[in-house]
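This report concerns only the one structure given below.
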Amino acid sequence: MTAPKKLFIKTYGCQMNVYDSERMAESLGGQGYIATDRAAEADMILLNTCHIREKAAEKVYSELGRLRPLKEANPGLKIGVAGCVAQAEGAEIMARQPLVDLVVGPQSYHRLPELEAKAQRGEKALDTDFPEEDKFDHLTARPKARRGPTAFLTVQEGCDKFCAFCVVPYTRGAEVSRPADRVMGEARDLVERGVREITLLGQNVNAYHGHDRGLSGLIRDLAGIDGLERIRFTTSHPNDMDDDLIAAHGDCDKLMPYLHLPVQSGSDKILKAMNRKHTAESYIRLIERFRVVRPDLLLSGDFIVGFPGETEADFQATLDLVEAVGYGQAYSFKYSARPGTPAAERAEVDAGEADARLQRLQALLTRQQKATQDGMVGREVTVLFEKPGRMAGQMVGKSEYLHAVHVTSDTVVRGDLAKVRIVESERNSLGGEVIGAVS
Ligand code: SAH
Ligand code: SF4
Ligand code: F3S
């Protein structure tokens with residue numbers, strides 16, 4: 001019997017790439033590969049790349065440069081580029097960088113085995129099509145191996161929104177939903193393998209239409225799976241929220257009280273220029289509706305500062321929106337012009353000014369995050385434990401609000417769900433005491 005070949009995948013970008021990397025590893029498992037976390041011993045290295053902000057391709061080239069000595073030491077090593085940079089610039093990368101044997105775009109992962117075989121024959125293998133067939137239908141089934149308590153599950157991909165700054169509609173293609181029965185099957189399988197929390201993924205997950213009652217219909221069906229204790233979803237768009245998805249936050253116990261709802265800007269002029277098709281006011285009203293059904297909802301958002309045309313007054317409107325909403329978690333970015341997007345043609349805000357605004361926004365968001373975290377002290381939460389902590393005897397998990405919580409306990413094991421009283425708020429986590437098991 002030949003020794004298994006070893007596969008090393010380096011994942012950049014969003015959670016969808018994390019999920020895709022798992023699926024690619026499983027698919028190549030069928031070709032005799034086992035995963036390794038050491039690039040130096042790999043027979044195949046895949047870079048699963050992200051194209052969302054600047055210097056994406058440059059980062060890939062420099063990473064490839066770092067891999068050159070490995071290829072020199074092991075001429076049999078195959079190097080592949082996957083993900084959103086592969087989709088946008090893969091052909092060019094392959095032409096310019098002889099180290100690259102394989103390029104595969106996000107909608108073609110089910111063709112990996114053929115591409116791998118081609119690379120093994122010494123040919124260059126490239127696939128960046130948007131095929132008609134659904135890659136997930138053709139990806140080999142997930143093996144039955146035991147796994148950790150949390151998992152991602154992609155239910156929707158692609159985006160038809162075309163925000164003026166964003167590459168996703170070009171790299172991931174048009175919006176596609178996976179049929180609910182497939183998702184249910186995969187979820188049941190994950191639960192059998194030890195998963196207790198599933199995060200449903202989509203670039204616009206609440207545009208999901210693989211269930212006749214949309215994302216909330218899917219969530220309600222998933223909630224019926226015994227052994228699945230927690231459901232989350234990300235990322236949503238304000239324009240795709242429907243009444244039942246809001247209602248589910250109030251009446252579906254397994255749906256966690258955490259909502260990531262990017263708004264990008266608080267200025268209506270900038271929102272219009274971004275092609276967001278909502279206003280600051282409509283966003284705030286939407287949040288209010290969620291808070292009526294779930295007052296303790298922890299809200300998370302994404303912001304872009306320095307979008308072309310953003311004035312100090314527009315930026316102030318973003319700060320005002322943040323003050324009005326109150327975020328428990330947030331991600332903020334300096335605008336980055338992406339080739340091929342409409343906004344890339346427009347005059348940019350002075351870079352120093354954009355940096356200064358980003359710092360001001362981040363200072364405000366950090367204050368809100370810290371206040372939210374500090375407000376947890378004294379409260380009782382439930383924690384799903386995932387791994388040992390840094391200190392001996394510690395276990396770390398996530399609360400329903402997605403805060404990292406650590407406890408010192410010799411009874412709690414990975415995969416346990418326990419009631420915990422929060423006793424301290426540290427820089428990036430909470431400390432707690434176990435009060436008891438969750439029945
Ligand atoms: N589908 C999600 C987000 C996708 S990208 C949504 O619609 O909200 C994740 C985040 O990256 C975006 O929310 C945005 O804040 C940021 N982003 C996307 N393109 C960007 C760009 N060109 N420059 C800076 N930030 C960007
Ligand atoms: Fe990008 Fe906008 Fe689509 Fe989000 S909704 S993926 S920001 S185009
Ligand atoms: Fe990046 Fe593609 Fe995700 S551009 S953020 S890896 S969808």
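Nothing in this text is a laboratory measurement; each read-out follows from the coordinates by a stated rule. Worth saying up front: this structure is predicted, and the values here are computed from it rather than measured. Don't worry about glycine lacking a Cβ; one is built from the backbone with ideal geometry, like all the others, and counts go over all protein chains shown.
Counting neighbouring beta carbons within 10 Å and listing from fewest to most, the residues Y170, Y33 come out as Y170, Y33. In this entry, the range 1-57 is assigned a mean projected area of 4.4 nm², taken as a quarter of its C-alpha convex hull surface. Calculated from the alpha-carbon coordinates, the range 380-434 shows an Rg and a Dmax of 9.5, 26 Å respectively. Listed by Cβ neighbour count within 10 Å, with the fewest neighbours leading, T279, T11 appear as T279, T11.
When N is the residue count of the range 135-374, what does its C-alpha Rg come to as a fraction of 2.2 N^0.38 Å? Expressed relative to 2.2 N^0.38 Å, the Cα Rg reads 1.07. Over all distinct Cα-Cα pairs of the range 315-439, the Kirkwood formula returns a hydrodynamic radius of 17.0 Å. Within the range 135-374, antiparallel bridges make up roughly 10 percent of the DSSP beta bridges whose residues both belong there.
Proximity of backbone amide H atoms, modeled 1.01 Å from N, is registered between A35 and L7 at under 5 Å, excluding neighbours fewer than 5 places apart on the same chain. For the range 152-262, the alpha carbon convex hull comes to 95 Å³ per residue, rounded to a whole number. Derived scalar couplings between HN and Hα for the range 329-340 equal 7, 6, 10, 10, 9, 7, 3, 10, 5, 10, x, x Hz in order, rounded to whole Hz, by the Karplus curve 6.51 cos²θ - 1.76 cosθ + 1.60 (θ = phi - 60°), x for Gly and Pro. Using the Kirkwood radius over Cα pairs, work out the Stokes-Einstein diffusion coefficient for the range 185-326 at 25 °C and 0.890 mPa s, in µm²/s as a whole number. Answer from the Stokes-Einstein relation: 151 µm²/s.
Considering only beta bridges that DSSP places wholly inside the chain, some 35 percent are antiparallel. With neighbour counts taken as other beta-carbon atoms within 10 Å, the residues E353, E89 rank, fewest first, as E353, E89. Between amide H atoms placed 1.01 Å from N, distances below 5 Å from T128 occur with G105, all of them 5 or more places distant or on a separate chain. Build a GNM of the chain with springs between Cα atoms under 10 Å apart, and of F152, F162, F307 the one that fluctuates most is F162. Shape call for the range 5-127 from the C-alpha gyration tensor, a ≥ b ≥ c root eigenvalues: rounded (a/c under 1.5), prolate (a/b greater than b/c) or oblate? Verdict is rounded for the range 5-127. For the range 89-210, what class follows from the C-alpha gyration tensor (a ≥ b ≥ c being the square roots of its eigenvalues): rounded when a/c is under 1.5, otherwise prolate if a/b is larger than b/c, else oblate? Because a/c hits 1.5 or more and a/b fails to exceed b/c, the range 89-210 counts as oblate. Other residues with beta-carbon under 13 Å from the beta-carbon of N17 carry, at +1 per Lys or Arg and -1 per Asp or Glu, a net charge of 0. Beyond 28 Å, what percent of the Cα pairs of the chain remain? Counting every Cα pair in the chain, those more than 28 Å apart make up 55 percent.
Converting phi to 3J(HN,Hα) with the Karplus coefficients 6.51, -1.76 and 1.60 and the offset θ = phi - 60°, the range 169-186 yields x, 8, 8, 9, x, 5, 5, 9, 10, 7, x, 4, 5, 5, 5, 4, x, 5 Hz in sequence order, with x at every glycine or proline. Listed values for the range 54-59 are Karplus-derived 3J(HN,Hα) couplings in whole Hz (6.51 cos²θ - 1.76 cosθ + 1.60, θ = phi - 60°), namely 4, 6, 4, 5, 4, 4, and x replaces Gly and Pro. From the Cα gyration tensor of the range 18-86, with a ≥ b ≥ c the square roots of its eigenvalues, which class applies: rounded if a/c is under 1.5, or else prolate if a/b is larger than b/c, or else oblate? Oblate, since a/c reaches 1.5 and b/c is not below a/b. At a Cβ-Cβ separation cutoff of 4.7 angstrom, cysteine residues of the chain with no neighbouring cysteine are C14, C50, C84, C159, C252.
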